[in-house]
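K.L.:
Dropping a structure here in structure tokens format, bear with me for questions.
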Amino acid sequence: MNTKNLKLSALFAVAALLPVLAQAHPGHGPATSFAAGMSHPLHGLDHILVMIAVGLWAAQMGGRALWVVPTTFVSLMTIGGAMGMAGVHLPMVETGILVSVIAMGVLIATAARLPMAVSMALVGVFAIFHGHAHGTEIPMAASGLTYALGFIAATAFLHACGIGLGLLAQKRFSPPAIRFAGVMIVVCGLGMWAGIM
């Protein structure tokens with residue numbers, strides 16, 4: 001691995017392992033506004049990792065995946081959020097979120113190229129769990145629409161960051177740098193699963 005790849009890998013590692021971001025869901029403040037909705041995904045390492053990973057994987061696949069995969073995630077996350085707001089029970093939400101972190105890391109680390117329909121279905125299932133987690137935190141009296149618009153905007157921003165990092169890594173560094181980021185995402189996911197992050 002050359003110096004450029006080492007620097008990018010170190011950047012990914014530092015970003016992925018910031019302990020201040022490792023608090024999953026509690027403590028975001030009242031879920032009553034656009035700002036609260038925007039801040040929710042930005043305060044959980046699990047959400048940050050998956051949403052950036054979706055962008056990284058889309059950049060890694062290239063072509064139509066650049067917009068189809070993130071759009072699928074945002075769309076089905078919105079449906080999951082509506083389910084959560086409506087009080088629809090979804091079993092094992094936190095487990096689904098942790099599995100999504102690890103699985104997305106594996107997909108990036110292995111540079112998996114799945115058929116588009118399979119890729120969309122996979123990120124769609126993960127998105128429902130993430131959306132449900134956002135939606136269940138909205139109090140009944142809150143403005144669900146403004147909160148939802150906030151977490152949708154934050155998600156799109158994180159996807160764009162992942163796409164940008166992925167494209168930059170491919171142009172300025174090399175594909176192994178993206179794959180190393182996938183390994184770091186898996187490590188973080190396993191750390192969260194074990195309760196050490």
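The values are calculated or read from the model by the stated rules, or taken from the named source; none is laboratory data. Keep in mind that this is a model prediction, so the values were computed, not measured. Reconstructed Cβ throughout: ideal geometry from the backbone, glycine too, with neighbour counts over all protein chains shown. When the accessible area is computed, the model is the full protein with side chains, heavy atoms only, and any ligands, DNA or RNA have been set aside. Shrake-Rupley method; radii C 1.70, N 1.55, O 1.52, S 1.80 Å.
K.L.:
Any idea how many residues of region 123-179 are open to solvent by 10 Å² or more (accessible area, probe 1.4 Å), among the aromatic types (F, W, Y) and under 16 Å from S39 (Cα atoms)?
P.N.:
Looking only at that region, the number is 1.
K.L.:
Return only the number of the condition from (1) more than 17 Å from A59 (Cα to Cα); (2) open to solvent by less than 10 Å² (accessible area, probe 1.4 Å) that L190 does not satisfy.
P.N.:
It is condition (2) that L190 fails.
K.L.:
Hey, can you tell me all the residues within region 77-98 that are in a helix (DSSP H, G or I) and open to solvent by less than 60 Å² (accessible area, probe 1.4 Å)?
P.N.:
Result: M77, T78, G80, G81, A82, M83, G84, V93, T95, G96, I97, L98.
K.L.:
Now for a different question. Quick check on region 55-76. Is at least one of its residues in contact with a Leu (Cβ under 6 Å, 6 or more places away or on another chain), open to solvent by 10 Å² or more (accessible area, probe 1.4 Å) and under 30 Å from T146 (Cβ atoms)?
P.N.:
no
K.L.:
Six or more apart or on different chains, Cβ atoms under 8 Å: show the pairs whose first residue is in region 176-192 and closer than 13 Å to L107 by Cα and among the β-branched types (V, I, T) and whose second is open to solvent by 60 Å² or more (accessible area, probe 1.4 Å) and modelled with pLDDT under 95.
P.N.:
Taking only residues 6 or more apart or on different chains, the pairs are I178/Q170.
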